[in-house]
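Take a look at the structure below.
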Amino acid sequence: MMMSALSKYIFYPAWDLKDGSERLVKWRQLEKQQWWSQDDLRRLQLNRMKTLLSYAEEHSPYYREIFKQHGLKASGIRALTDIERIPVTTKQDIRNGGDQFISDQFEKQALVSAKTGGSTGVSLNLYFDGTCQEKRNAAQLMADRWSGWDLGMKRASVWGNPPVPESVKQKLRHNLLDRTIYLDTMDLNNQSMSSFVARWRKEKPGAVFGHAHSIYIFAKYLLQESITDLRPQGIVATSMMLLDHERATIEKAFDCHVTNRYGCEEVGLIACECEQHRGMHINVPHVYLEFLDANDNPVAPGDPGKIVVTDLNNFAMPLIRYRVEDVGVYSDRVCECGRGFPLLEKLEGRVADFLRLPGGGQVAGISLVERTLTKVPGIEQMQLIQEQLDEVTINRVKDSDYTEETDIDLVEAMREVFGESVDLSINDVKDIPQEASGKYRFSICRVTE
Ligand SMILES: [Zn+2]
């Protein structure tokens, strides 16, 4: 407790001072802005949008060209909806455009760089300026606190490839600030989970962070071993794919609510649940979101739309109307917590995770998997792979309730959705492997036409 307080009030500010970091300043700003009215937040967004567009028009060769091609002027943007005249930027555009996106005011070598995973088939090189990085970290801090974690508390991280502190400075930073214990999700087994439990008991972390499905596997282990003394203040699931039954299991094992969070490497934190756990508040000071239909027209609240994001923080590599390839539903409901950040009601998965129906429709793979798992007993985990329009492979892991009836019921549940014409085959697998990013994909559509 003493160490927590010291860390919160002394080490954090001291470290930020030493690194010349603006993170805490930006964070204090966000702490106030989250309670602003929706009107004030829209005004803030519009001002930031205008600044970003003028900057991109002048300094990003890619957007200068796009503006010219479409006869647009940043100065002509008077309302947020005016940006609908700017074409959507795709992952492929970023790949093709490369350094053309980067501002002529920055040296590429001096920027923070990141590479996205290739789970959607396109891997990208991204660059951020230092201030952008600070703002993203600040948003992370704000959202971490929504979960029940607070500055100075230790953290438990259920993650692939945990970082190993190397230099003295890193070790110092690790001990004073990060104070994180890791469970490596690339190697989850009873042995590794049991030693993680031992370290947890010693270190007593205030919150656990990780991909939803990995936390779920750990939660199931705790229930199975009747371990009931791991009691964090918060649980943050950072992968968008938080299934209802996984949430329920995690909450039971830790006796604590799960805080679902949505973000990506390209733009940082997009949205996060507050303590109400009813939808995710959109990080509007930092990102402007749109939800679009197949023709890139805006959808109504309550209707699923392809998420398009404008990053209001990144001047080094502006991303305007960038399509993240995820589908979500926004809401005009006001949250009971009183925060002015509008709500992202739910995520329906990646665009590539939608399976195609023979009749021409589409079904969100995540919903289908969810529905099947609740309906059909005997399945621990499953993944649907659609190779062709009329060919779906079901990878499934049996659980202890498995009987001969299970697969009959499984096929029947699938037939209700896909009809009789689709060829279904069941693969008996020991587990569903995670992607290199540590995320799990519940459905994959490989139909191209
Ligand atoms: Zn709320």
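The values are calculated or read from the model by the stated rules, or taken from the named source; none is laboratory data. All of these numbers come straight from a predicted model, not from anything done at the bench. Counting neighbours? That spans all protein chains shown, and the Cβs are built from the backbone with ideal geometry, glycine included.
Points worth noting:
- Elements of type strands (runs of 3 or more DSSP E) contained in the range 312-384, each with 1 or more residues being at pLDDT 85 or above and within 16 Å of the ligand (Cβ to nearest atom): 322-331, 343-350
- Figure legend. Inter-residue proximity from the range 411-425: first residues touching a residue at least 40 places away in the same chain (Cβ under 8 Å), second residues surrounded by 15 or more Cβ atoms within 10 Å (Cβ to Cβ) and aromatic (Phe, Trp, Tyr), beta-carbon distance below 6 Å, spacing 6+ or different chains. No pairs are indicated.
- Some residue of the range 233-255 being buried (at least 22 other Cβ atoms within 10 Å of the Cβ), farther than 28 Å from Thr372 by Cβ and more than 16 Å from the ligand (Cβ to nearest atom): no
- Where Leu343 falls short, out of the listed (1) crowded, with 21+ Cβ neighbours inside 10 Å; (2) farther than 20 Å from Thr81 by Cα: (2)
- Selection of first residues in the range 80-102 that are at positive phi and of second residues that are outside any helix (DSSP H, G or I) and surrounded by 15 or more Cβ atoms within 10 Å (Cβ to Cβ), restricted to Cβ pairs under 9 Å at least 6 apart or on distinct chains, gives the following pairs, ordered by first then second residue: Gly98/Asn125.
- Hey, Gly378 touching a residue at least 12 places away in the same chain (Cβ under 8 Å) and at positive phi or not: yes
- Some residue of the range 14-35 being assigned to a helix (DSSP H, G or I), at pLDDT 95 or above and out of contact with any helix residue (DSSP H, G or I) (no Cβ under 8 Å at 6 or more places or on another chain): yes
- None of Ile394, Ile408 is away from the ligand (no atom under 16 Å from the Cβ), farther than 27 Å from Glu84 by Cα, aliphatic (A, V, I, L, M) and assigned to a helix (DSSP H, G or I) except Ile408.
- Unique residue being within 17 Å of Ala352 (Cα to Cα) and among the basic types (Lys, Arg) when the list is Arg415, Arg396, Arg371, Arg441: Arg441
- The one condition in (1) polar (S, T, N, Q); (2) in the same structural domain as Ile66 (by TED's automatic domain parsing); (3) within 28 Å of Glu275 (Cα to Cα) that Asn314 fails to fulfil: (3)
- Selected residue [small (Gly, Ala, Ser) and touching a Cys at 6+ places or on another chain (Cβ under 8 Å)] from Gly365, Gly338, Gly359: Gly365
- Checked against (1) over 30 Å from Ala114 (Cα atoms); (2) buried (at least 22 other Cβ atoms within 10 Å of the Cβ), Leu357 meets all criteria but (2).
- Pick from the range 264-292, criterion more than 17 Å from Ile83 (Cβ to Cβ) and surrounded by fewer than 20 Cβ atoms within 10 Å (Cβ to Cβ), ranking: nearest to the ligand (Cβ to nearest atom): Gln276
- Residue that is of a type in the set (S, T, N, Q), in the same structural domain as Tyr262 (by TED's automatic domain parsing) and at pLDDT 95 or above, where the choices are Ser147, Ser157: Ser147
- Residue check for Leu347: over 30 Å from Cys274 (Cβ atoms) and not small (Gly, Ala, Ser): no
- Odd one out for Gln224, checked against (1) without any contact (Cβ under 8 Å) to a residue 12 or more places away in the chain; (2) within 16 Å of the ligand (Cβ to nearest atom): (2)
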